[in-house]
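Report on one structure; see the data block that follows.
The values are calculated or read from the model by the stated rules, or taken from the named source; none is laboratory data. Here the structure is a predicted model, which is why all the values come from computation and not from measurement. For neighbour counting, all protein chains shown are included, and Cβ atoms are generated from backbone atoms with ideal geometry for every residue, glycine included. Quick note on the areas: whole protein, heavy atoms, side chains included, nothing else; ligands and nucleic acids left out. Shrake-Rupley method; radii C 1.70, N 1.55, O 1.52, S 1.80 Å.
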Amino acid sequence: MSFASRIAATLLALVLLTAPGAAQTLAPDGPTLAAVRARGHLVCASADPIAGFAQLNAEGRWVGFDVDVCRAIAAAVLGNPDALEFRPLPGTARFADLQTGQVDVVARDAPWTLGRDTRYGATYAASIFYDGQAFLVPEALNAVSAYQLDNLRVCVLDGDQLQRLQEFAFSIQANFTEVVYEDREDLGVAYRQGLCDAVSAPASWLVALRRSAPDPSTQSILPERISKSVFGPAVRADDTQWLKIVQWTLFALINAEEAGVTSLNIESLSAAKTHRIRRLLGLEGSFGPSIGLQPDFMKKVIAAVGNYGEIFDRNFGVGTGAGVSRGQNALWLNGGLIYAPNIE
């Protein structure tokens, strides 16, 4: 065979290997992937069930942002978003459940910190929800910024949240009367009974409190955050393959929103010429097999749950009756913090 013929044959082999549908060897199953496949469903948990993140709907099914994250991982691994057992875990620390293999992933636990990421045999996979202490006030107050607040009674939890409130008041020279409680449920009771004029708490809590109001439109969550909290799924620290699976499932959701790929248009994009879209659909490159998944695992994820923006809107948008601004959770292109590595 001539040199030119050998080159042509090599190029043809490469084309066949990278063509859609070409047989590709999957990486061997690691311990978590093997357990999930043998079981036939994903076991996914979330701490502190809360409206918008995880709650039972009228049909008795778990729904919410955390649940959609779990469904996305089930779609990536098993091709079926409903191959899922969802477990609500009260409290703020569920690392023992990960360590013992009782759950495969915790969709949301306590905020990501150095201690939690290094001490308990667990690893946070990615940042997918940014939170922070904020203010809930009645619309009648006509406040559009926390910097306008003054001469108010503010319900707040004792400890760090009280300290942050005091630091913020000092920084803007505001006069707040703190109404202090030990349990977050007391904040809502006190606010509804008129014992305070505002509530300062993590915005995610305030979202649930606002949704529980008889008329959510009469309540406003101000845009400023006086602390920072980062949330994301946690997995066992000793299984790198599983960590990568969860990471790139989440990154696919974010990249899909950035590329304009949605659950509604994904089937119509099979003829797309844009490389980033073709990679998301598994039509170009070979990204799934290296972590033990099918080449089109990202397409299955997006088709099942939508992109990141669709998930956010479904659980926090205007259709919920208590729409929440994307704010920090907008894409980086739109002034937010939501960002993912490229698929290439």
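Numbers for the structure displayed
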| quantity | calculated |
| --- | --- |
| Output for the range 172-186, where each listed residue is touching a helix residue (DSSP H, G or I) at 6+ places or on another chain (Cβ under 7 Å) and either closer than 18 Å to Gln148 by Cβ or open to solvent by less than 10 Å² (accessible area, probe 1.4 Å) (or both) | Ile172, Phe176 |
| Members of the range 245-278 that are part of a loop (DSSP other than H, G, I, E, B), of a type in the set (A, V, I, L, M) and surrounded by fewer than 24 Cβ atoms within 10 Å (Cβ to Cβ) | Leu264, Ala271, Ala272 |
| Any chance Gly285 is in a loop (DSSP other than H, G, I, E, B) and either touching a residue at least 40 places away in the same chain (Cβ under 8 Å) or surrounded by fewer than 17 Cβ atoms within 10 Å (Cβ to Cβ) (or both) | yes |
| Selection from the range 47-84 of residues that are crowded, with 16+ Cβ neighbours inside 10 Å and assigned to a strand (DSSP E or B) | Ala47, Gln55, Trp62, Val63, Leu84 |
| Boolean, Val189 is open to solvent by 40 Å² or more (accessible area, probe 1.4 Å), closer than 17 Å to Trp205 by Cβ, in a helix (DSSP H, G or I) and of a type in the set (A, V, I, L, M, F, W, C) | yes |
| Subset tally (residues that are surrounded by 13 or more Cβ atoms within 10 Å (Cβ to Cβ) and either in a helix (DSSP H, G or I) or free of Cβ contacts under 8 Å to residues at least 24 places away in the same chain (or both)) for the range 155-171 | 7 |
| Residue ID - least open to solvent (accessible area, probe 1.4 Å), chosen from residues in the range 324-344 that are among the β-branched types (Val, Ile, Thr) and in contact with a strand residue (DSSP E or B) (Cβ under 8 Å, 6 or more places away or on another chain) | Ile338 |
| Meets criteria (surrounded by 19 or more Cβ atoms within 10 Å (Cβ to Cβ), within 30 Å of Gln102 (Cβ to Cβ), of a type in the set (Gly, Ala, Ser) and in contact with a strand residue (DSSP E or B) (Cβ under 8 Å, 6 or more places away or on another chain)) for Ala234 | yes |
| Count of the range 310-323 residues which are open to solvent by 60 Å² or more (accessible area, probe 1.4 Å) and either more than 20 Å from Thr262 (Cα to Cα) or modelled with pLDDT under 90 (or both) | 2 |
| Residue within the range 219-226 that is under 30 Å from Gly159 (Cα atoms), part of a strand (DSSP E or B), among the hydrophobic types (A, V, I, L, M, F, W, C) and more than 16 Å from the chain's Cα centre (by Cα) present | yes |
| Scope the range 214-262; condition without any contact (Cβ under 8 Å) to a residue 40 or more places away in the chain and on the phi < 0 side of the Ramachandran plot; matching residues | Pro214, Asp215, Ala259 |
| Of all residues making up the range 293-332, the number that are part of a loop (DSSP other than H, G, I, E, B) and in contact (Cβ under 8 Å) with a residue 12 or more places away in the chain | 11 |
